[in-house]
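The values are calculated or read from the model by the stated rules, or taken from the named source; none is laboratory data. Everything numeric in this text was worked out from a predicted model, so none of it was measured. Don't worry about glycine lacking a Cβ; one is built from the backbone with ideal geometry, like all the others, and counts go over all protein chains shown. The protein model used for the area step is the full one, side chains on, heavy atoms only, and it has no ligands, DNA or RNA in it. Shrake-Rupley method; radii C 1.70, N 1.55, O 1.52, S 1.80 Å.
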Amino acid sequence: MTDGPRADLARRIAGEVTLSDDPGATLRKWRTDFDVSQTALADQLDVSSSVVSDYESGRRESPGIGVVSRMVNALLDIDEARGGSRIRQYARVVGAGFESDIVQDLREYPTAIRLSRVYDAMGATEVVRGETDRVSGHTVIDSIEAITRLSSEEFYRLYGESTNRVLVFTNVTRGESPLVALRVVNPTPNAVVLHGLGEESLWEHAATLATIDGFSLAVSTRDIDEMLAELRALG
């Protein structure tokens, strides 16, 4: 594990926590993102789990930069001890030329898995059946940031190692913009999930476009942090 990606990620997390209006909630977000329990983090810090709980809930005064630095490094130490998957993931997103506010997660699975399993992890409802029932990875992107900032070539790079994947758009209200944007990308991913809306709120032409382009289309309203945690477990 090189120092570069770890140091970059440490600065990002520490900066986000320090500048947050709710540092405790931001700490909790990153801890759950790393799939680390309060007890595991407390053990790494050599403190009681109530200390971590108090910081995250705001019962303790907002942590200073020293405490934030210790917590961040403890998370990264735990990740490295587990093989460094989260640090590598961050390095991959940045190395592909994307900011992490655009790409929320991008990973490959050890083997191709059934699409239904991915949908179960997301609490997604399939609206249109696609041409394949297995996928090899997923990419989760912020729809507004991606559509306004990425070119068609950059959209294609979101696929990672293969188009045989689920492309998830978050912060969606109707789905019109993401689906129209995909029309200029060739080839399209095998499955698209629009997160943040139910089937009743879906753009009326969404199913038609998905059918024409041959990809599975699904919607999900599951809590974003829970959804990401379940997706990361697949990879």
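Whether a residue is modelled with pLDDT of 85 or more and either closer than 15 Å to residue 233 by Cα or not in a helix (DSSP H, G or I) (or both) was assessed, and residue 68 does not pass this test. Applying the criterion of at least 1 residues that are among the aliphatic types (A, V, I, L, M), open to solvent by less than 10 Å² (accessible area, probe 1.4 Å) and at pLDDT 90 or above to the helices (runs of 4 or more DSSP H) found wholly in region 73-176 leaves 115-122.
Only one of these is touching a Ser or Thr at 6+ places or on another chain (Cβ under 8 Å), under 20 Å from residue 229 (Cβ atoms) and hydrophobic (A, V, I, L, M, F, W, C): 147, 141. Name it. When all the criteria are applied, what remains is 141.
Can you tell me which residues in region 212-235 are in a helix (DSSP H, G or I) and either aliphatic (A, V, I, L, M) or surrounded by 14 or more Cβ atoms within 10 Å (Cβ to Cβ) (or both)? Hits for region 212-235 are 212, 213, 224, 227, 228, 229, 230, 231, 232, 233, 234. Checked against (1) surrounded by 19 or more Cβ atoms within 10 Å (Cβ to Cβ); (2) not in a strand (DSSP E or B), residue 193 passes all but condition (2).
Going through region 11-34 one residue at a time, which ones are within 19 Å of the chain's Cα centre (by Cα), surrounded by fewer than 17 Cβ atoms within 10 Å (Cβ to Cβ) and either of a type in the set (A, V, I, L, M) or within 15 Å of residue 81 (Cβ to Cβ) (or both)? Hit for region 11-34 is 25, nothing else.
Just one of the listed residues (204, 200) is surrounded by fewer than 16 Cβ atoms within 10 Å (Cβ to Cβ), free of Cβ contacts under 8 Å to residues at least 60 places away in the same chain and outside any helix (DSSP H, G or I), namely 204. On the basis of being open to solvent by less than 20 Å² (accessible area, probe 1.4 Å), more than 22 Å from residue 88 (Cβ to Cβ) and among the aliphatic types (A, V, I, L, M), does residue 209 make the cut? It is false that residue 209 is open to solvent by less than 20 Å² (accessible area, probe 1.4 Å), more than 22 Å from residue 88 (Cβ to Cβ) and among the aliphatic types (A, V, I, L, M).
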